[in-house]
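The values are calculated or read from the model by the stated rules, or taken from the named source; none is laboratory data. Since the model is a prediction, treat every value here as computed from it, not as a measurement. All Cβ positions, glycine included, derive from the backbone under ideal geometry; neighbour counts span all protein chains shown.
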Amino acid sequence: MEDSEKREPQKLEFQAEVKQLLDIVINSLYTDREIFVRELVSNASDSLEKFRLLSTMEGDYRDKDLPLGVTIEADDKEHKLVISDTGVGMTREELVQNLGTIAHSGSREFLRKLAEGDRKDSQLIGQFGVGFYSVFMVASLVSVQSQSYLPEAEGFEWSSEGTGSYTINQADGLKRGTRIIISLKEDAWEFAGADRIKAIIKQYSNFVPFDISVNGDKVNTVQAIWTRSRNEIKEEEYNEFYKFLSNAFTDPIYRLHLSSDAPIQMNALFFIPGDNMERFGIGRLDPGVNLYSRKVLIQPGSREILPDYMRFVKGVVDSEDLPLNISRETVQNSRLIKKMSRFLTRRLISFLEDEASRDAEKYREFWDKFSVFIKEGCVSDHDNREQLAKLLRFESSSTGAGELASLSEYIGRMKESQKAIYYINGPSREAIEAGPYLEAFRSRDIEVIYLMEPVDDFVMTSLIEYQGKKLISADHVNLDLPAKEEGSEEKAGDGGPEGLSSGETGQLTAWMKEVLGDAVSEVRESQRLVNSPAVIVNPDHMLTTSMQRVLQAANNEMGGIGPKVLEINTKSDVIIKLARLKASGGDEELLASCVEQIADNAFLAAGIPGNRHRMVDRVYRIMGKALEG
Ligand code: ADP
Ligand code: MG
């Protein structure tokens with residue numbers, strides 16, 4: 001860009017998403033308006049942290065000796081509020097990029113959520129990372145004067161009324177940093193009161209690690225809470241720090257504060273939030289743990305310090321053993337950080353395990369919100385799989401509806417003759433209990449875990465086993481169940497204990513396979529059924545039927561569901577009659593229709609719907625024949 005061009009003031013349009021956001025901010029957010037102070041101060045603090053880190057490295061920066069801090073001037077005569085920082089500042093391009101667009105991927109869902117307008121509105125703004133725009137809840141005009149730390153950069157002023165567009169002008173004579181000048185709307189004049197602003201800073205920004213002054217008075221208590229000793233810190237202080245750290249309004253569910261000296265010196269303070277923001281469908285959480293060295297932030301939201309599935313954890317890790325001038329690449333390759341990460345991950349998992357046994361009800365609250373992350377860990381974290389499995393909770397045939405049990409509790413209830421842990425996936429408890437897969441287990445009084453999320457089967461097959469017991473899907477071909485107990489209530493099918501002879505069974509299964517063709521890989525006699533005439537079982541050793549469904553839905557090119565075996569209950573009334581009518585030369589077409597319908601019913605119970613129109617036609621044809629009688 002030519003110098004002369006740059007000096008021309010320019011009027012630019014906001015990105016469409018920003019226009020939508022501003023429209024909501026200006027026209028429908030009226031609660032918790034004071035959070036705009038927190039958002040602007042947190043941006044100032046971020047940019048000061050960035051500068052502090054840069055200044056530990058080599059290089060030439062503008063106004064090197066300017067002290068780091070935030071200065072606020074509240075002018076209740078002019079109804080103006082000015083918030084200045086001496087951080088990294090922004091270039092012209094950065095002003096356009098950062099204050100004119102939303103980079104976040106989930107912005108559409110976020111806007112929809114925001115427009116729905118429950119009371120969380122204004123709070124969501126900061127958590128989603130569009131905090132700057134909250135200033136338009138109170139401002140009729142906002143000017144942002146900024147001077148980048150880069151020695152070559154020139155100063156610019158960005159200004160907007162929040163409606164559709166903004167202007168950018170060159171601004172000379174600025175010192176390094178950013179100065180935000182807010183002209184307050186009449187209904188927001190209260191925010192030009194110094195006492196009001198001081199109170200807001202005390203409430204939300206007390207932990208900002210730089211001096212904040214309001215009309216000349218220093219208001220915050222600068223301190224790195226994580227370096228203090230645990231018994232000196234009050235519950236209140238911890239919670240306040242958490243809220244500051246994660247822009248949250250509610251207290252965390254859990255807190256873990258640890259320090260170690262050997263082999264690595266470190267202090268870590270972790271929080272589990274009161275809610276899982278990913279549940280609201282506003283996209284994937286960014287990692288929430290900041291990495292410090294000697295109280296200097298070296299990496300906000302570090303991707304290296306905890307595994308990805310722990311992105312719901314908020315907190316701080318500070319180690320004196322980390323060099324201050326560590327670069328992003330070095331963090332990624334640092335053996336020290338890998339060691340710290342391994343240690344901290346284990347500590348967090350065992351912490352959760354302890355909490356679960358200490359207070360099951362509270363753990364249940366955690367589980368309801370964060371189970372997806374633990375399951376993700378079971379699939380992705382080979383090293384900690386066994387430990388993570390201890391955190392899992394499921395409903396089962398032995399729990400009441402909505403009650404949960406752990407795998408260890410399951411093992412505690414296992415019968416001596418039982419070799420494996422069994423589970424079955426289905427859309428709901430009712431569907432699972434109405435289906436054919438539990439029959440074999442009920443008749444042997446064996447507990448079955450109910451899985452109701454598609455991801456659950458991936459968890460079970462990743463674990464492979466738990467405390468030496470294999471995890472097996474109840475729809476697998478080979479169950480190898482213990483024999484039924486003597487005297488256990490033998491609820492045989494309607495055909496009575498005799499059922500079909502092996503000769504009859506052989507003829508029937510061969511003919512059924514002929515009728516069904518490639519729809520099934522095999523038709524055979526079932527050892528597992530008690531009431532149902534037939535069931536679909538799965539010969540695949542790697543993928544359960546539920547997993548095949550998920551993969552098929554995710555990627556149509558994967559082809560269909562894998563081969564399936566149809567097992568028939570040779571003591572079932574329907575199967576016996578079918579065999580005998582076929583043998584005595586009954587209506588071939590009708591009987592073939594019955595075979596197809598039996599298979600379709602079994603597929604349905606396995607969660608694999610067939611062709612509905614064909615099925616309906618067929619049922620009418622069978623009814624037609626039955627009614628001829
Ligand atoms: P977030 O802080 O979550 O990124 P914001 O909407 O609060 O979202 O801010 C958008 C971006 O604008 C920031 O990421 C930062 O790059 C830039 N920014 C805002 N305020 C300042 C400031 N005082 N100094 C430097 N950059 C800033
Ligand atoms: Mg921000």
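So the values come out like this:
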{"quantity": "Spans of helices (runs of 4 or more DSSP H) in the stretch 555-629 with at least 3 residues surrounded by 18 or more Cβ atoms within 10 Å (Cβ to Cβ) and either at positive phi or in contact with a strand residue (DSSP E or B) (Cβ under 7 Å, 6 or more places away or on another chain) (or both)", "calculated": "588-605"}
{"quantity": "Test: residue in the stretch 144-152 that is within 16 Å of ligand 2 (Cβ to nearest atom), crowded, with 17+ Cβ neighbours inside 10 Å and free of Cβ contacts under 8 Å to residues at least 60 places away in the same chain", "calculated": "yes"}
{"quantity": "Some residue of the stretch 125-134 being away from ligand 2 (no atom under 14 Å from the Cβ) and either surrounded by 16 or more Cβ atoms within 10 Å (Cβ to Cβ) or modelled with pLDDT under 90 (or both)", "calculated": "no"}
{"quantity": "Test result for ILE272, farther than 16 Å from VAL82 by Cα, touching a Pro at 6+ places or on another chain (Cβ under 9 Å) and in the same structural domain as VAL37 (by TED's automatic domain parsing)", "calculated": "no"}
{"quantity": "Residue under evaluation GLY506, criteria (1) within 20 Å of GLU589 (Cα to Cα); (2) assigned to a helix (DSSP H, G or I); (3) not charged (D, E, K, R), criterion not met", "calculated": "(1)"}
{"quantity": "Conditions (1) in a helix (DSSP H, G or I); (2) in contact (Cβ under 8 Å) with a residue 24 or more places away in the chain: number failed by GLU320", "calculated": "(1)"}
{"quantity": "Restricting the stretch 40-94 to residues that are among the small types (Gly, Ala, Ser) and within 12 Å of ligand 1 (Cβ to nearest atom), the residue that is farthest from the chain's Cα centre (by Cα)", "calculated": "SER84"}
{"quantity": "Failed condition for THR178, given (1) away from ligand 2 (no atom under 16 Å from the Cβ); (2) in contact with a strand residue (DSSP E or B) (Cβ under 9 Å, 6 or more places away or on another chain)", "calculated": "(1)"}
{"quantity": "Flag if GLN299 is within 27 Å of VAL379 (Cβ to Cβ) and touching a residue at least 12 places away in the same chain (Cβ under 8 Å)", "calculated": "yes"}
{"quantity": "Looking only at the stretch 15-65, and only at residues there that are farther than 20 Å from SER160 by Cβ and acidic (Asp, Glu), the one that is nearest to ligand 2 (Cβ to nearest atom)", "calculated": "ASP46"}
{"quantity": "Those residues of the stretch 445-459 which are more than 20 Å from ILE536 (Cβ to Cβ) and assigned to a loop (DSSP other than H, G, I, E, B), in sequence order", "calculated": "ASP445, ILE446, GLU447, GLU453"}
{"quantity": "Check on ARG108, more than 25 Å from GLY216 (Cβ to Cβ), free of Cβ contacts under 8 Å to residues at least 24 places away in the same chain and under 36 Å from the mean Cα position of the chain (by Cα)", "calculated": "no"}
{"quantity": "Pairs where the first residue, in the stretch 395-414, is touching a residue at least 60 places away in the same chain (Cβ under 8 Å) and the second is surrounded by 15 or more Cβ atoms within 10 Å (Cβ to Cβ) and part of a helix (DSSP H, G or I), C-beta under 9 Å, 6+ apart", "calculated": "LEU407/ALA389; LEU407/LEU463"}
{"quantity": "Test: PHE51 is assigned by TED's automatic domain parsing to the domain that holds ILE125 and closer than 14 Å to VAL130 by Cα", "calculated": "no"}
{"quantity": "Residues (within 11 Å of THR91 (Cα to Cα) and in a strand (DSSP E or B)) located in the stretch 148-167", "calculated": "PHE156, GLU157, TRP158"}
{"quantity": "Residue in the stretch 66-75 that is within 16 Å of ligand 2 (Cβ to nearest atom), out of contact with any Phe, Trp or Tyr (no Cβ under 8 Å at 6 or more places or on another chain), in contact (Cβ under 8 Å) with a residue 12 or more places away in the chain and not assigned by TED's automatic domain parsing to the domain that holds ALA248 present", "calculated": "no"}
{"quantity": "Yes/no for ASP211 being within 16 Å of ligand 1 (Cβ to nearest atom), surrounded by fewer than 18 Cβ atoms within 10 Å (Cβ to Cβ), at pLDDT below 95 and not basic (Lys, Arg)", "calculated": "yes"}
{"quantity": "Residue that is surrounded by the most Cβ atoms within 10 Å (Cβ to Cβ), among those in the stretch 247-267 that are in a loop (DSSP other than H, G, I, E, B) and touching a residue at least 40 places away in the same chain (Cβ under 8 Å)", "calculated": "PRO252"}
{"quantity": "Cβ-Cβ under 7 Å pairs, at least 6 apart or on other chains, the stretch 28-39 side assigned by TED's automatic domain parsing to the domain that holds SER134, far side more than 16 Å from ligand 1 (Cβ to nearest atom)", "calculated": "SER28/GLY117; THR31/ARG119; ARG33/ALA188; GLU34/ILE200; VAL37/ILE197; VAL37/ILE200"}
{"quantity": "Only one of ASP172, ASP195 that is assigned to a helix (DSSP H, G or I) and away from ligand 2 (no atom under 16 Å from the Cβ)", "calculated": "ASP195"}
{"quantity": "Answer from ILE374, ILE337 - the residue that is at pLDDT below 95, of a type outside the set (Ser, Thr, Tyr), buried (at least 20 other Cβ atoms within 10 Å of the Cβ) and assigned to a helix (DSSP H, G or I)", "calculated": "ILE337"}
{"quantity": "Selection count where residues are farther than 12 Å from ILE26 by Cα and within 40 Å of the chain's Cα centre (by Cα), scope the stretch 142-163", "calculated": "14"}
{"quantity": "Residue within the stretch 222-242 that is touching a residue at least 40 places away in the same chain (Cβ under 8 Å) and either within 14 Å of GLU73 (Cα to Cα) or out of contact with any strand residue (DSSP E or B) (no Cβ under 8 Å at 6 or more places or on another chain) (or both) present", "calculated": "no"}
{"quantity": "Helices (runs of 4 or more DSSP H) completely within the stretch 404-444 that count 3 or more residues being surrounded by fewer than 18 Cβ atoms within 10 Å (Cβ to Cβ)", "calculated": "407-413, 429-434"}
{"quantity": "Residues of the stretch 357-370 that turn out to be over 20 Å from the mean Cα position of the chain (by Cα) and assigned to a helix (DSSP H, G or I), as a count", "calculated": "4"}
{"quantity": "Residue check, GLY495 at pLDDT below 95 and crowded, with 17+ Cβ neighbours inside 10 Å", "calculated": "yes"}
